[in-house]
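Take a look at the structure below.
The values are calculated or read from the model by the stated rules, or taken from the named source; none is laboratory data. Bear in mind the structure is a predicted one, so any value in this text is a computation, not a measurement. Heads up, the Cβs are rebuilt from the backbone with ideal geometry, glycines too, and the neighbour counts pull from every protein chain shown. Heads up: the accessible areas ignore ligands, DNA and RNA and are worked out on the full protein's heavy atoms, side chains in. Shrake-Rupley method; radii C 1.70, N 1.55, O 1.52, S 1.80 Å.
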Amino acid sequence: MPKRIVIAGGGFFGCSIAMMLHRRGWHPIVVEEADELLTQASRVNQARVHGGYHYPRSLMTAYRSRQNYEKFRTHYRDAIVDQFTKVYAVGRLFSKVTADQFGVFMKRVGAPLQEAPPKIQRLFNPDLTERTWIAQECAFDCSVLREMLRNELRMAGIEVRLQTLVETATPHPTGALARLSDGSEIECSLVFNATYAGLNRLTAASDLPLIPLKHELTEMALVDLPKELEGLSVTMMCGPFFSFMPYPSLGLTTLSHVRYTPHAHWFENEQTGAANPYQTFDTIEKHSNFEMMVADASRYMPALRDAVQRDSLWTIKTLLPLSEIDDGRPILFQRDNKLPAVIHVMGGKIDNIFDVEEEIERLVGNVEI
Ligand SMILES: Cc1cc2nc3c(=O)[nH]c(=O)nc-3n(C[C@H](O)[C@H](O)[C@H](O)COP(=O)(O)OP(=O)(O)OC[C@H]3O[C@@H](n4cnc5c(N)ncnc54)[C@H](O)[C@@H]3O)c2cc1C
């Protein structure tokens with residue numbers, strides 16, 4: 001079939017890329033290893049639609065987030081949850097930015113901040129908290145997002161092959177040959193490697209150069225908030241602090257902590273090689289860090305001591321090493337050096353989808369059919 005494209009990975013990025021290509025006249029097929037779309041990072045995350053506040057040390061990430069924020073709210077409005085008050089606070093000790101710096105930075109990127117009212121300020125320990133603001137930031141419901149994408153793909157007539165792995169992508173006169181775990185082979189113009197934690201499993205199996213990545217095994221505790229904190233979401237910036245956000249698909253709240261959410265990490269690059277990250281994930285024993293998260297977070301917000309843990313969400317967080325410097329979230333959109341018909345894509349956050357769309361627009365104009 002002319003203009004055939006194989007998309008490895010049926011997460012938010014893989015499904016959205018399929019729609020973008022379809023709209024531009026290509027014939028994508030989405031191949032997903034799990035038995036459902038959006039089961040990995042696209043389901044297990046903090047559900048924050050980033051409004052720029054979270055990256056006060058990376059101007060580019062914060063600025064792009066703010067630009068993408070309204071677009072995301074509009075495009076995915078059925079999945080948006082905003083019936084809560086979003087509070088950002090700056091810690092007095094160990095913060096990498098001061099309250100003044102935070103305020104000035106947000107003004108620069110156009111992210112609105114309003115001094116928190118006294119009833120919210122009183123929830124914080126003033127010895128450890130420099131300032132608190134109300135911000136404009138909402139959450140997304142990953143189940144609704146999945147439903148939206150599933151419907152879009154169905155209406156567009158895009159084939160989705162579940163429980164199927166893209167095992168390799170190799171050179172072929174059409175561009176690339178994708179070998180799937182169901183025994184089929186697809187001749188195509190391009191293969192999008194949108195497998196997030198699995199990026200290097202595909203490159204390694206295809207004898208392509210490894211992409212330098214860092215993986216973290218992460219835990220977010222799922223909690224019921226005490227009455228005093230209901231309807232609130234708080235993010236303490238910018239250092240070894242905590243955040244709690246609504247997790248709409250389960251009607252609970254995630255509690256995460258910069259120090260205690262990552263349980264282990266490992267790198268992948270040409271020196272270290274690449275192991276199957278999902279196997280590594282399975283082999284690491286998981287003992288919740290909830291007690292440590294809540295013990296530390298309640299020093300800043302004493303009411304958090306009464307948060308009740310219901311469960312924990314565990315997953316692999318994958319980062320580009322560049323993020324380590326300023327905690328930014330650049331996108332990976334890279335043609336493979338050895339096999340240019342393979343394009344590796346990873347968005348560090350969900351609103352990066354609009355940055356990816358710009359890259360696709362550029363690419364499609366440059367690909368010969
Ligand atoms: C703990 C955590 C918190 C986060 N919090 C936020 C947040 O609050 N806000 C935000 O915007 N972003 C957040 N993110 C980032 C966001 O979740 C990711 O940017 C986004 O979900 C990545 O989507 P994806 O489609 O690339 O990856 P995924 O959803 O992981 O999709 C990749 C898919 O590829 C499949 N796969 C892998 N290998 C193969 C193969 N060879 N063949 C076929 N299928 C394959 C996997 O099964 C998976 O379904 C967070 C991430 C984590 C981990």
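Taking the solvent-accessible surface of protein heavy atoms with a 1.4 Å probe, what is the per residue accessible area of region 258-299 in Å²?
Working: 2560 Å² over 42 residues.
That works out to 61 Å² per residue.
How large is Rg over Rh for region 1-157, taking Rg from the Cα atoms and Rh as the Kirkwood inverse mean of 1/r across Cα pairs?
Details: Rg = 19.4 Å, Rh = 17.9 Å.
Using Cα coordinates only, the ratio equals 1.09.
Given the Cα-Cα distance of Lys214 and Arg259 and 0.36 nm per residue of separation, how much length would full extension add, in nm? Mind dumping the intermediate values first?
Numbers: separation 45, 0.36 × 45 = 16.20 nm, distance 1.64 nm.
Separation in residues times 0.36 nm, less the Cα-Cα distance, equals 14.6 nm.
Stretch Gln67-Glu285 to full length: gain in nm at 0.36 nm per residue minus the Cα-Cα span? Walk me through the numbers on the way to the answer.
Numbers: separation 218, 0.36 × 218 = 78.48 nm, distance 3.99 nm.
That pair, Gln67 and Glu285, stretches by 74.5 nm at full extension.
Dipole magnitude of the chain about its Cα centre, charges +1 at Lys/Arg Cβ and -1 at Asp/Glu Cβ only, in debye to the nearest 20? Before the final figure, lay out each step's value.
Numbers: 39 positive and 45 negative charges, 196 e Å.
The dipole of the chain has a size of about 940 debye.
Ignoring ligands and nucleic acids, what accessible area does Thr98 show with a 1.4 Å probe (Å², nearest 10)?
60 Å²
Can you find, among Gly9, Phe72, Pro28, the residue sitting farthest towards the positive end of the charge dipole of region 1-86, where Lys and Arg contribute +1 and Asp and Glu -1 at Cβ?
Positive-end residue among those listed: Phe72.
Express the carbon and sulfur contribution to the solvent-accessible surface of the chain as a percent, rounded to the nearest whole number, probe 1.4 angstrom. The partial results should precede the final answer.
Details: 8000 of 16010 Å².
Carbon-and-sulfur percentage of accessible area, whole number: 50.
For region 1-50, rounded, prolate or oblate, judged on the Cα gyration tensor with a ≥ b ≥ c (square roots of eigenvalues), a/c < 1.5 rounded, else prolate if a/b > b/c?
Since a/c reaches 1.5 but b/c is at least a/b, the shape of region 1-50 is classed as oblate.
Go through Ala194, Ala111, Leu153 and say which Cα lies farthest out towards the positive end of the charge dipole of the chain; charges sit on Cβ, +1 for Lys and Arg, -1 for Asp and Glu.
Highest projection toward the positive end goes to Ala111.
Take every Cα pair under 8 Å in region 79-227 that's 6+ residues apart, average their separations, divide by the length, and report that relative contact order as a whole percent. Intermediate results must be reported in sequence, preceding the final value.
Numbers: 154 pairs, mean separation 26.5, N = 149.
Once normalised by length, the contact order is 18 percent.
Can you classify region 7-85 as rounded, prolate or oblate using the Cα gyration tensor, where a ≥ b ≥ c are the square roots of its eigenvalues, rounded means a/c under 1.5, and otherwise it's prolate if a/b beats b/c and oblate if not?
Working: a/c = 1.94, a/b = 1.63, b/c = 1.19.
Here region 7-85 falls in the prolate category.
Per residue, how much accessible area does region 1-151 show when a 1.4 Å probe rolls over the protein heavy atoms, in square angstrom? Provide the component values of the computation, followed by the final result.
On the way: 6500 Å² over 151 residues.
I get 43 Å² per residue for this part.
So what's the chain giving for Rg/Rh, alpha carbon basis, Kirkwood Rh from the mean inverse pair distance? Display every interim value, and only then the final one.
Values: Rg = 21.0 Å, Rh = 21.4 Å.
So for the chain, dividing Rg by the Kirkwood Rh gives 0.98.
Between region 262-284 and region 27-50, what's the alpha-carbon centroid distance in Å?
Between the Cα centre of region 262-284 and that of region 27-50, the gap is 20 Å.
Would you mind calculating the relative contact order of the chain from Cα pairs under 8 angstrom and at least 6 residues apart, reporting the percent as a whole number? Numbers along the way, then the final one.
Details: 772 pairs, mean separation 84.2, N = 369.
After rounding, I find 23 percent.
Can you tell me how region 146-231 classifies by the Cα gyration tensor, rounded, prolate or oblate, using a/c under 1.5 as the rounded cut? Show your work: numbers first, answer last.
Details: a/c = 3.35, a/b = 1.69, b/c = 1.98.
In terms of gyration-tensor shape, oblate.
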